[in-house]
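Take this structure first; my questions come after.
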Amino acid sequence: MGYCGIIDNLRVLPSSHARWKLFLICTMLCFCGYFIYYKFGDRLTAFPVRRASQGVTSDNNISRGLLHDKNDGDYAGEELEEVESDDGLGEDLPHETFPMMRRRLPQVIIIGVKKGGTQALLDYLRLHPDVVTAGGEPHFFNRHYEKGLDWYRNLMPKSTENQITTEKTPAYFITKEVPARIHAMSNLTKLLLLVRDPVIRVISDYAQDLTKKSNIPSFETMAFKNMSAGVVDSEWINIQVGLYANHLVNWIQYFPLKRLLVVDGDRLIREPAAEFSRVQDFLGLRKLITEKNFVFDTKKGFYCTRKAKEDYKIPHCLGKGKGRAHPVVRPELIQQLKKFYKPFNRMFYKIVGQDFGWD
Ligand code: A3P
């Protein structure tokens, strides 16, 4: 019995030593071939995109989006036509030949808000086999825009044509230039915005600041210009982040509301499966992530995730930086903060058509 046809033919060779030498050469050639495919295979995988049913676009559409200016409307409906591959390679190759893994620009972006539960949402998305997520926070549209879309694309993990690529950078929501830039990449981008009661959010933000600089003034000193008169310091950036309506108006100039899902961050904490179900619907994902993927961890005080049956016994919880203890703030100051945010909250509810009951 030979190892393969080649080896069988090698039996005519004079010595077993020579046969082994040739066998080793064959094996090395196989490894080289595999290496070349692994390294450059993604260049050969630019096939037309078929994700219309999921309502998301591909890079090909994204680069088309670059040609549209801000007043151009959406492409008609959610239906996407098939488009030419962007590098012309691989068009004659059968689909089964390559796994079609390549880096793609995100079709979905978690734009904020900071401390809204953005890491939890990203973790939940990661559970889904049809989603890939960039690690960390790319900050492309607010900090690194001049580096260009190729730089950005390289931060994304490889994906198949049927997977959604996503990233999260909460600073996008409050950065004025970002909506126009995302729109220039693709006006079909889907946006996920997590919101939380702005009063809880600002305390959470402060709790995070405390872990970075322990000698900062108390929360009360930071949040109020005049504590006894109840005058909130609206210039403090942490307070400003919670003026959701003000930030949102920048986005709706570029994106219709149907491209934006406002996720209730407070509900995502209490009922992750139910709130995440809305996300799956919005993204056109198969409803694979359900109650069975979440387990409440009494020690952490939050839900943790379990991906599949194999790891049902070892749920994954977010790290220490998520679910921190908050400083205790006097109830009358909480009331002052609620009063301050109320008109902005009302405006926000009106724009998005949902009352979050924060006041
Ligand atoms: P706290 O740490 O103040 O409680 P972000 O990821 O946007 O920075 O948001 C952090 C917040 O996510 C946390 O704020 C926490 O309340 C919330 N959160 C939501 N789901 C969570 C989970 N499963 N585990 C830990 N924190 C979660």
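The values are calculated or read from the model by the stated rules, or taken from the named source; none is laboratory data. All values derive from a computational prediction rather than experimental measurement. All Cβ positions, even for glycine, are placed from backbone atoms using ideal geometry, and neighbour counts span all protein chains on display.
Looking only at region 231-257, how many residues end up being closer than 16 Å to residue 203 by Cα and in a loop (DSSP other than H, G, I, E, B)?
Of the residues in that region, 6 qualify.
Same structure, new question: If residue 290 satisfies all but one of (1) touching a residue at least 40 places away in the same chain (Cβ under 8 Å); (2) more than 15 Å from the ligand (Cβ to nearest atom), what's the number of the condition it fails?
Every condition holds for residue 290 apart from (1).
Out of the residues in region 295-317 that are more than 14 Å from residue 122 (Cα to Cα), within 11 Å of the ligand (Cβ to nearest atom) and free of Cβ contacts under 8 Å to residues at least 24 places away in the same chain, state the one that is surrounded by the fewest Cβ atoms within 10 Å (Cβ to Cβ).
301
Do the conditions hold for residue 318, that is, is it in a helix (DSSP H, G or I) and within 24 Å of residue 208 (Cβ to Cβ)?
no
When residue 274 is evaluated against the numbered criteria (1) in contact (Cβ under 8 Å) with a residue 12 or more places away in the chain; (2) in a helix (DSSP H, G or I); (3) under 24 Å from the mean Cα position of the chain (by Cα), which criterion, by number, is the only one it fails?
(1)
Listed residues 204, 228; which is modelled with pLDDT under 95 and either part of a loop (DSSP other than H, G, I, E, B) or surrounded by 16 or more Cβ atoms within 10 Å (Cβ to Cβ) (or both)?
228 is the lone residue from the list that is modelled with pLDDT under 95 and either part of a loop (DSSP other than H, G, I, E, B) or surrounded by 16 or more Cβ atoms within 10 Å (Cβ to Cβ) (or both).
Then there's this: How many residues are surrounded by 17 or more Cβ atoms within 10 Å (Cβ to Cβ), within 11 Å of the ligand (Cβ to nearest atom) and in a helix (DSSP H, G or I) if we restrict to region 258-268?
Residues that pass the stated criteria total 3.
Hey, does region 318-328 have a residue that's crowded, with 16+ Cβ neighbours inside 10 Å, closer than 14 Å to residue 124 by Cβ, within 13 Å of the ligand (Cβ to nearest atom) and modelled with pLDDT of 95 or more?
Yes, because at least one residue in region 318-328 is crowded, with 16+ Cβ neighbours inside 10 Å, closer than 14 Å to residue 124 by Cβ, within 13 Å of the ligand (Cβ to nearest atom) and modelled with pLDDT of 95 or more.
Sticking with this one: Could you grab me the full set of residues in region 171-198 that are within 12 Å of the ligand (Cβ to nearest atom) and either more than 28 Å from residue 328 (Cα to Cα) or surrounded by fewer than 23 Cβ atoms within 10 Å (Cβ to Cβ) (or both)?
171, 192, 197
Out of the residues in region 277-287 meeting the condition of being in contact (Cβ under 8 Å) with a residue 60 or more places away in the chain and not in a helix (DSSP H, G or I), tell me which one is nearest to the ligand (Cβ to nearest atom).
The selected residue is 285.
Further question: Do any residues in region 103-126 that are outside any loop (DSSP other than H, G, I, E, B) have Cβ atoms under 9 Å from those of residues that are basic (Lys, Arg) and more than 13 Å from the ligand (Cβ to nearest atom), where the two are at least six apart or on different chains, and which pairs are they?
103/153; 103/158; 108/190; 109/190; 126/307
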